[in-house]
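Written below as structure tokens is the structure these notes are about.
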Amino acid sequence: MSNNRVSRRQFLGYTLTGVGGFMAAGMLMPMVRFAVDPILQQHDGGDFVLTDQAVADITEEPVRVDFTFEQVDAWYTSEVTNSAWVYKEGDKLIALSPVCKHLGCTVNWAGSPDYPTQFFCPCHAGRYEKNGQNIAGTPPLGPLDEYQVKEQDGFVAIGAVRENTLV
Amino acid sequence: MHFNSKDIDLYAGQKEYVDTAVVPLIELDLTDAGMKASAGASEYLQSLTVILEKQFKGRILLLPPISYARAADRSQLGQQLKEELSETAFKHVFYLTTDPKWRSIEELENVLWLPAIPTGDMDQSFKKSVMEDQLRQVLPLFTKEWTHHS
């Protein structure tokens with residue numbers, strides 16, 4: 001027993017190492033946490049807006065689905081309602097933006113009785129195929145944009161807009 | 001398109017496509033009794049013109065609402081607006097109002113008079129369906145005018 005006596009020098013050495021270790025850890029831990037924070041951020045689902053359209057009711061015929069989100073414009077916050085044309089291609093959900101690529105009007109599915117299987121823009125008679133491909137000879141110069149879309153608890157959730165990936 | 005500098009830049013390059021001006025006409029009634037109804041009518045007309053603009057963004061220019069006092073001389077105001085608009089490239093001009101006095105004014109063509117619906121106390125989704133219903137009544141008037149004189 002008496003052989004293992006800790007000397008004053010050893011005791012102080014252990015104590016200072018221990019306390020110093022805690023202090024270093026206290027300083028480093030938050031830094032490490034901040035450094036890895038971007039990796040730990042969850043991206044999935046954060047930007048999707050849930051709509052009240054059930055996925056089970058979606059067919060191959062495009063239907064209009066409205067979704068609302070808050071938009072801040074300088075000091076003015078407003079609720080913006082946008083819509084999308086949603087349909088199923090096999091089992092895959094597809095959501096197209098209704099904004100005409102010509103000058104930004106709203107296009108309608110089967111909006112013209114002459115073209116019941118196309119999107120129709122009432123402003124200047126622009127037309128698009130079901131997959132958003134613009135029809136040559138009509139004013140639009142590009143295909144309709146596409147929304148990211150997924151199923152969330154049986155309902156359609158709509159995400160960010162991107163260029164059409166179907167054509 | 002809205003009457004702001006960004007959209008007007010776009011308009012300047014696309015004049016042959018944006019051939020229709022929409023002018024909301026709003027009567028200001030600031031008496032204690034009439035203020036709420038006047039505000040409601042103004043709210044209704046502005047919501048309607050905004051969703052109309054959204055539908056026909058590439059073909060119409062929505063001007064800011066023209067507001068005038070109750071006693072304003074409508075025929076003089078109409079004459080002046082008409083003169084101002086006659087110097088532009090617009091082929092069609094629509095005036096939208098909830099003020100019944102415009103119905104007897106001869107100076108303006110294409111005045112669409114709509115009875116104001118007090119949407120202020122409705123909840124959001126009901127208000128939206130009411131406004132879309134209203135829009136559906138107005139849209140054919142535009143497409144008819146465009147197909148008749150184009």
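Every number here is computed from the coordinates shown, using simple stated rules; none is lab data. Note that the coordinates shown come from a computational prediction; the quantities given were computed from them, not determined experimentally. Positions of Cβ are generated from backbone atoms using ideal geometry, with glycine treated the same way; all protein chains shown enter the neighbour counts.
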| task | Treating the angle as unsigned and between 0 and 90°, give the value, to the nearest 10°, between the Cα long axis of helix A:8-40 and the longest Cα principal axis of chain A. | result | 0
| Using only helices, what value at 222 nm comes out for chain A when you add -39,500 (n - 2.57) per DSSP H run of length 4 or more and divide by the total residues, to the nearest 500 deg cm²/dmol? | -7000 deg cm²/dmol
| said: Quick check: from the Cα gyration tensor, does the stretch A:49-162 come out rounded (a/c under 1.5), prolate or oblate? | reply: oblate
| task | Tell me which residues come under 5 Å, amide H to amide H, from A:Asn164 once H is placed; ignore anything under 5 positions away on its chain. | result | A:Glu146
| For B:Trp102, what charge total do you get from the other residues with a beta carbon under 10 Å from its beta carbon, if Lys and Arg give +1 and Asp and Glu give -1? | 0
| remark: Here the net charge surrounding B:Val93, from other residues whose Cβ is less than 14 Å away from its Cβ (Lys, Arg +1; Asp, Glu -1), is -4
| In this model, which of A:Lys88/B:Lys144; A:Lys150/B:Lys128; A:Lys150/B:Lys15; B:Lys15/B:Lys36 are farther than 32 Å apart at the alpha-carbon? | A:Lys88/B:Lys144; A:Lys150/B:Lys15; B:Lys15/B:Lys36
| query | So what's the net charge close to A:Ile135: Lys and Arg +1, Asp and Glu -1, counting the other residues with Cβ under 10 Å from its Cβ? | reply | 0
